[in-house]
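Each remark here refers to the structure printed beneath this line.
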Amino acid sequence: MKSALALFAHPDDIEFVAAGTLLQLKQRGWEIHYLNVSTGNCGSAEFSPAKTRRVRLAEAKAAAKILGAHFHPPLCDDLEIRYEMKLLRRVAAVIRESQASLILTHSPQDYMEDHMSTCRLAVTAAFTHGMPNFHTTPPRPTYAHDVTVYHAMPHGLCDPLRRKIIPGAFVNTTAVHATKLAALAAHQSQQGWLDVSQGMNSYLRSMEEMSRAVGKLSKKFKLAEGWRRHLHLGFSAKDIDPLTEALGKDCRVNQAYERTLRAD
């Protein structure tokens, strides 16, 4: 069975930008995996860190169950996601457990450091999937098949310097939007927190607005998630695009983006 892993920083990040793609893959027979690197312990203006950890863990497990994904426990606390060896070994262990040939993670450019550090960890850990001399924590066997990494759209659809980020491909999430919304709604503690911390009003509406904005960019889908494919060197024997191959008509490659790459 083909396997995909969503590897993101905080509880609810997956639901905002990647859950629709996971659901589309699952409908096509893929095994899907779900990892929030952080516990989300800082995501409350009401609860203590300890209580917030417990609440957000329960919510994340509920969301993964709604998606039908294998849940992997978080590895550290908020703002403690660092590109360092101890955490890298733990992230690599999860990748080896999942046997993922397709890894979804954050954009290399995003509005907060936890997201960008998670992206770096995901890329390096994926690179080591077939390295027997790189030891994971806990120890996990390597696997030899190709891996492709895809980067999600950043929050606000721009980088930290306000420059627009354009997707290289669009995944149609219209048919699975209700399930994606239900999974995000499982993170109910975030309604008040995101209102207070980021002025997002309804976080459910914010997700839907982003899905509509990416759908509009696609010029084809009503609701969509956007992806940029990582360079294949070191990850696969040749330049492959398993997401497009798996999803067919529900994945549209942005030819304008591809022309820009060739021009560069």
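In a shell of Cβ-Cβ distance under 11 Å around residue 155, excluding residue 155 itself, what net charge do Lys and Arg (+1) and Asp and Glu (-1) give? Walk me through the intermediate numbers first.
On the way: positive: none; negative: 13, 110, 159.
Neighbour charge sum, excluding residue 155 itself: -3.
Taking only C-alpha pairs under 8 Å that are 6+ residues apart, what is the relative contact order of the chain in percent? Each step should come with its number before you reach the end.
Values: 513 pairs, mean separation 58.3, N = 264.
Contact order relative to length: 22 percent.
Only lysines eight or more places from residue 249 in sequence, or on another chain, were considered; those with a Cα closer than 16 Å are 26, 219, 220, 222. Near residue 79: Cβ cut-off under 10 Å, other residues only, Lys/Arg at +1 and Asp/Glu at -1. The net charge is -4. Phi angles of the range 10-18 translate, via the Karplus equation with coefficients 6.51, -1.76, 1.60 and θ = phi - 60°, into HN-Hα couplings of 10, x, 4, 4, 4, 5, 5, 10, 9 Hz per residue; Gly and Pro are given as x.
What list do you get for 112, 207, 153, 131 if you sort them by fewest beta carbons within 10 Å? Write down the numbers at each step before the final one.
Numbers: 112 17, 207 23, 153 26, 131 11.
Ordered by Cβ neighbours within 10 Å, fewest first: 131, 112, 207, 153.
Sort 79, 161, 25 so that the residue with the fewest other Cβ atoms within 10 Å of its own Cβ comes first and the one with the most comes last.
Values: 79 13, 161 6, 25 23.
In increasing order of surrounding Cβ atoms, one gets 161, 79, 25.
Max-minus-min Cα coordinates of the chain on each principal axis give 50, 46, 37 Å, with the largest extent listed first. With contacts taken as Cα pairs under 8 Å at a separation of at least 6 residues, the range 119-264 carries a relative contact order of 32 percent.
With R₀ fixed at 22 Å, the C-beta to C-beta distance from residue 166 to residue 245 puts the FRET efficiency at about 0.50.
Computed from the coordinates by the stated procedures, all read-outs in this text should not be read as laboratory data. None of these values were measured; they are calculated from a predicted model. So basically every Cβ, Gly included, is an ideal-geometry build from the backbone, and we count neighbours across all protein chains shown.
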